[in-house]
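**Q** If you scroll down you'll find the structure; I have some questions about it.
The values are calculated or read from the model by the stated rules, or taken from the named source; none is laboratory data. The structure presented is a predicted model; accordingly, all values stated were derived computationally and were not measured. Note that we place each Cβ from the backbone using ideal geometry, even for glycine, and neighbour counts take in every protein chain shown. Quick note on the areas: whole protein, heavy atoms, side chains included, nothing else; ligands and nucleic acids left out. Shrake-Rupley method; radii C 1.70, N 1.55, O 1.52, S 1.80 Å.
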Amino acid sequence: MAGLRPALLALALMLPGQAAPAQEPPAATARAAPIPMVLTLDQDRFFSDSAWGRAIIARTEAERQELMAENRRIEEALQQEEQALTDRRALVPPAEFTRLAADFDTRVEGIRAAQEAKTRVLLEQHDAERQAFFTAAKPVLGTVLDESGASAILVSGAVIMATQASDITQTAIQRMDAAYPGPPPEEAAEDGAQDGGENGSGDPAP
């Protein structure tokens, strides 16, 4: 019987239920964040926070302020002229005053039309430069889309709900600033104006 003890001891070590040597648990693998199927872009912030967009906005605002100052100077001059004409009313025949007043009104209307035309030109130039920005941004956004593995980029204002992870606005701004530290030559704005907006708004269609 004594000779069986070593064999029984060996057999006991092989029986199930016995404590097995401690083993290191497998290292927990970091779970990668899911890739959004659709990305979102805040177009207004993309434009206004980029170096190119800031330069456009600053120049447009400076020209707008200059135009407003010119309008104020013209208005003051016309008010003085109108007062001088009123003061002459008692000194000239009624028919002569009527002619002078009509000439003054005609000239005022012409000046107003000219100043309004300047405003339209300023707005059209701004729109053309904005369109040139978004035209140039298409390859930049395309690269961001390809690298992300997503299938589309939507305008954030048209999305009812989205996770923060889907917003690529800051990334797009950084990529755009790297590609365009400032506005390119004026020919780019002219090309953008000729291309026109795909959705008629001057911005890329979502």
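**Q** Could you give me the ³J(HN,Hα) list for the stretch 71-84, computed from phi with Karplus coefficients 6.51, -1.76, 1.60 and θ = phi - 60°, whole Hz, x at Gly and Pro?
**A** Each residue's phi maps through the Karplus curve to give 4, 5, 5, 5, 4, 5, 5, 5, 4, 5, 5, 5, 5, 5 Hz.
**Q** Quote the charge dipole size of the stretch 68-161 about the Cα centre in Debye, to the nearest 20; the model charges only the Cβ of Lys and Arg (+1) and of Asp and Glu (-1). Before the final figure, lay out the partial values.
**A** Details: 11 positive and 16 negative charges, 10 e Å.
The calculated dipole for the stretch 68-161 is roughly 40 debye.
**Q** Separate question: Quick one: how many Å² of M37 are accessible to a 1.4 Å probe, rounded to 10?
**A** M37 has an accessible surface of roughly 130 Å² with all protein chains in place.
**Q** Hey, another quick one. So what are the ³J(HN,Hα) numbers for the stretch 125-142, from phi and the Karplus equation (6.51, -1.76, 1.60; θ = phi - 60°), rounded to whole Hz, Gly and Pro as x?
**A** Each residue of the stretch 125-142 in turn: 5, 4, 5, 5, 5, 5, 5, 4, 4, 6, 5, 5, 6, 4, x, 5, 5, x Hz.
**Q** With all protein chains present, how much of the accessible area of the stretch 96-176 (probe radius 1.4 Å) comes from carbon and sulfur, to the nearest whole percent?
**A** Numbers: 2740 of 4660 Å².
Result for the stretch 96-176: 59 percent of the exposed heavy-atom area is carbon or sulfur.
**Q** Round to the nearest 10 and report in Å² the accessible area of I57, as given by a 1.4 Å probe over the protein chains' heavy atoms.
**A** I57 exposes around 70 Å² with every protein chain in place.
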